[in-house]
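Report on one structure; see the data block that follows.
The values are calculated or read from the model by the stated rules, or taken from the named source; none is laboratory data. Predicted model only: the values in this text are computed from it and were never measured. Glycine gets a Cβ as well: all are built from the backbone with ideal geometry, and neighbour counts include every protein chain shown.
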Amino acid sequence: MTSTAAPAATPATESYLHEVSRRLPPRAREDVTRELRGTVADMVDDGVARGLAPEEAERRALEELGDPARLAEDYAPGPQHLIGPAHYQDFLQLLRILVPVLAGVFGGLTLLGRLFGEAGREDLVVYLVLSIAPALGAALQGALMGAGIAVVVYAVVERTERTERTERTERTERTGVADAGAPAPATEPARRWTIEQLPPPRPARDTTVGELVWSTLALGLAFAAPFLLSRPLLREGPLAGEPLLDPAVWTPWVPLYLGLVVLAWGWELLRFLRRRWSWALFAINAVLDLAMAALLVTVLRTESVVNPVLRERGWVGDEFARIGVAVVVLITVWDLVATFLACRRSVAGRR
């Protein structure tokens, strides 16, 4: 029987499907959700045909399918033994948040501190190595710390739940009375799952906390770049005491650049808070991309950008501006296309 009333669009069914799909690997979620939505629709239609109200038919269908956590186990490929099946996907979700967040925070703060602290080294390669290597080590430490926290949290949760279940069972067997004061059931040891146990619906998210952290790190480095390039990076040799950035670029170009970087971070934060892509968000991103590209291309074509000392000594030629413009255009086009495709997929998936 084919459903015609589209009952799967109700909040209860959508919440149930979300609770199942979020416990599955990303590649399996769409197929399983589609299959379950059709199953629920057919079960509701059968209930309505037997004289039940649509709401009651939906309720019985979901309760017949049972606990979404247990149902997800039937669809999940492979064993889930690191953490018990009831919490395994929640554990993975916490892992996906803590590992990139702590890695980004530890690594990013270390990198920014080292870039400023090591400025003035005699050799540029040594400067980069002494800045990047500690940052990579700090990022690894942050990732391991995030993984350890996730394991400890769910290990404690599982042990606590197991202890509480054991204590309730022993108390019931000893007294013959369940915790609620009613006689202990003789044939139904586990409470039957009901629709009231569904959590409130949670809208899906197109961006994660980890992505926000890494975007913040990248934009933080972009914000710090003019300040780093304005410091003398070498203490000896022909460029001793000379910055790489032309001081004349600071007025008015660098403040405009820094303002656009701040607006770009604001857009990343807005996208995270809005949870889902929209064409308005894409339009804002496109305006920021084009504004940044216009600014950089204008500066590259009208200003020296690099310290005039480098040009006077022939270390930077006229091709620098052409290569810079080509790189800016390429990155801008790539970002516009990527965000357009991501927005179209997100909007189409909600129809």
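All conditions in (1) surrounded by 13 or more Cβ atoms within 10 Å (Cβ to Cβ); (2) outside any helix (DSSP H, G or I) hold for VAL40, with the sole exception of (2).
Within the range 336-349, take every residue that is of a type in the set (Gly, Ala, Ser) and either surrounded by 12 or more Cβ atoms within 10 Å (Cβ to Cβ) or not assigned by TED's automatic domain parsing to the domain that holds SER278 (or both) and give me the one that is modelled with the highest pLDDT. In this case the residue turns out to be ALA342.
Just one of the listed residues (VAL328, VAL333) is β-branched (Val, Ile, Thr), under 30 Å from the mean Cα position of the chain (by Cα), surrounded by fewer than 16 Cβ atoms within 10 Å (Cβ to Cβ) and at pLDDT 85 or above, namely VAL333. Looking at the range 255-306 only, could you name the residues that are over 20 Å from ILE331 (Cα atoms), touching a residue at least 24 places away in the same chain (Cβ under 8 Å) and not aromatic (Phe, Trp, Tyr)? Selection gives LEU269, ARG271, ARG275, ARG276, SER278, GLU303, SER304, VAL306. Number of residues in the range 52-69 that are over 35 Å from the mean Cα position of the chain (by Cα) and assigned to a helix (DSSP H, G or I): the value is 5.
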